[in-house]
Structure formats: C-alpha cells, structure tokens
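What follows is calculated from the coordinates using simple rules that are stated; it is not laboratory data. What you are looking at is a predicted structure, and each value in this text was computed from that prediction instead of being measured. Cβ placement follows ideal geometry from the backbone for every residue including glycine, while neighbour counts extend to all protein chains displayed.
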Amino acid sequence: MNSASSISANVNNIPVLNGTNFKKWKEHVIIVLGCMDLDFALREDRPSDLTSASTVEQRSTMEKWERSNRMSLMIMKHSIPEAIRGAIPEETQAKAFLDQIANRFAANEKVETSTILNKLVSIRYKGKENIREYIMEMSNLVTRLKALKLELSEDILVHLVLISLPTQFSPFKISYNTQKEKWTLNELIAQCVQEEERLKQEKIESAHLASTSHGFGTNKKRKRDNKGKQTAVSETSKQKEQKKQDKEITCFFCKKAVWTRIFHVRPHSIGETRFLFICENLIF
C-alpha cells in the first residue's frame, strides 16, 4: 500500500507536458524514474535477444530492462495530453520515445543562444536581491550557453559581473582593475558580498548622521523661535507699560486726566529732570 502511494506521488510530481515546458518536464521525468530505479532503459540500449545459451545474468539484465522500458513508457505517456501524444510517432522503446518528443519540442539553438547571451550582457544588479544569488544566476546563464556549445571563460564572467554592478561599486571595480591578480568566480563572490555589507553599513551610518544633524538644526531653530517670541512678548509688555503711564498722567493739582501745559521743575539732584502736568484753566 505504501509502495503504491509512493509511486503515485512520484508520478503526480511530473508536470503535464505542454508547448512551453518540455525542458522542465524532461527533468522531472528523469528524476522520478531515477528515484524509482526505473531509468535503466533510458541509460542503456536494449540487450541482445535471449537464446538458449543466454546466461542467468543476461536473462536478469533483459528482465530489468524490459520492466524499466515498460514502466517508463507508461509514466511518460501518463503526463502527456492525448492531443500531443497522438502527434508523436509510436515507439516501443522508452529512450526512442523520449527522443521523438525532444525532436518535436526542440527549440532553435540559435534563438536560445541569442536570448541567453543578450540577457547575460544586459542584466544589471539593482541592489534589491542578494548579490551572491545574482552572481550565481549569471553563472547559470554561462552554463546554459556551454550546453549550447558556446563556452565563456571564467575571466569573461568575472568582468561581466563587474560591469553589471551599479555606480556604488565603482571604487570596488577600480580596485580590482588596478591590481595584477585575477579573481576566480568564488573569490569574486566573496569580495562582492563583503563590499555589499560595507555599503549597507555606510548607508545606515549616513542616514543616522543625517537624522542627527536634522534634529540639531531643528533645536537651534526652535531656540531662535522661542527667543524671538520672548522678545516680542517683552516688546509688547513695554508698549502696554507706556500706554499705562500715558493713561495715568493727570493734572498735578486737580488730578484730572486732561492736561495741556507742562512746567519744568527744579530737580532734586544733578542730571534729574522733572515735569509737572497741569490743566490749562489753572492760572498762576
């Protein structure tokens, strides 16, 4: 029961073949058949027909191959829609059947090479993703080109990675170009990760400094504002005091507020000035 469930789970992991996922479908088929130990017919050609003189080992090999071939055909056909399966020539051997499907869905190598190469030279690091994963992605593109018979050296890949880095990495790139030693891909990854961490820390420190400077400027402004307000309040108090004094001036004799004449009085001390305010109608 557990074996049947395991087989069913493995088979269901294979995606249904369509017009765009052949490579993914093939990878899943090979992995599933390999995990189930059923890929013998895909790895080995069919053994010679058995005869009365065949050994026990030969008979065992033939039996293993036939079982692998039969199960492989069943599993592959299970994940292929009838419309596609009907367009593929019938084959009795799993390996030949897989080749027929590959021929039917094979992409134009020139187009694929051009697409991958264009992506490799135009890709740019934007700082959002992990730089290690970014470089590994570029390395994967080079590996795919190698499978298409276009091989790029590791030195070229290192330069392509450096070219794709943003302006924040300019000192880092200049440092590499001025030294005699060349980096391997692994050394480049290690150096880029270290530089990325340094830039992040520098950015944090700059933001903290800017925040601190802004707060200091705001406090000074507030102090100036407060000082200005205090001055304004002080000036207002003086004006009120002056108005109060003007309002309190009365005639020296009748104590009425209306007056029109001012008399200078001898001061009690040097430097002192004294005045008397009297009504106009008073006669001396």
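The table for this structure:
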| quantity | calculated |
| --- | --- |
| Positive minus negative residues near H28 (Lys, Arg vs Asp, Glu; Cβ under 15 Å) | +2 |
| Exposure proxy ranking, count of Cβ atoms within 10 Å, fewest first, for S139, S5 | S5, S139 |
| Computed Rg/Rh of region 1-96, alpha carbon atoms with Kirkwood Rh | 1.03 |
| All-pairs Cα distance distribution in region 153-215, expressed in whole percent, bin size 10 Å | 19, 44, 20, 12, 4, 0 |
| Mean Cβ count within 10 Å, highest first, over the residues of peptides 131-138, 65-72 | 65-72, 131-138 |
| Theoretical FRET efficiency, 1/(1+(r/R0)^6), r = Cβ-Cβ of I84 and E187, R0 51 Å, to 0.05 | 0.65 |
| Footprinting exposure proxy for E129, E112 (fewest neighbouring C-beta atoms within 10 Å first) | E129, E112 |
| Rg/Rh for region 100-143, where both radii come from Cα atoms and Rh is the Kirkwood radius | 1.14 |
| Radius 14 Å from Cβ of E129, net charge of other residues (Lys, Arg +1; Asp, Glu -1) | +2 |
| Relative packing of 48-59, 168-179, which averages over residues the other C-beta atoms within 10 Å, highest first | 168-179, 48-59 |
| Distance (nanometres) between label positions extended 7 Å along Cα→Cβ at H159 and A210 | 3.6 |
| Cβ-Cβ FRET estimate between V16 and V121, R0 fixed at 35 Å, reported to 0.05 | 0.50 |
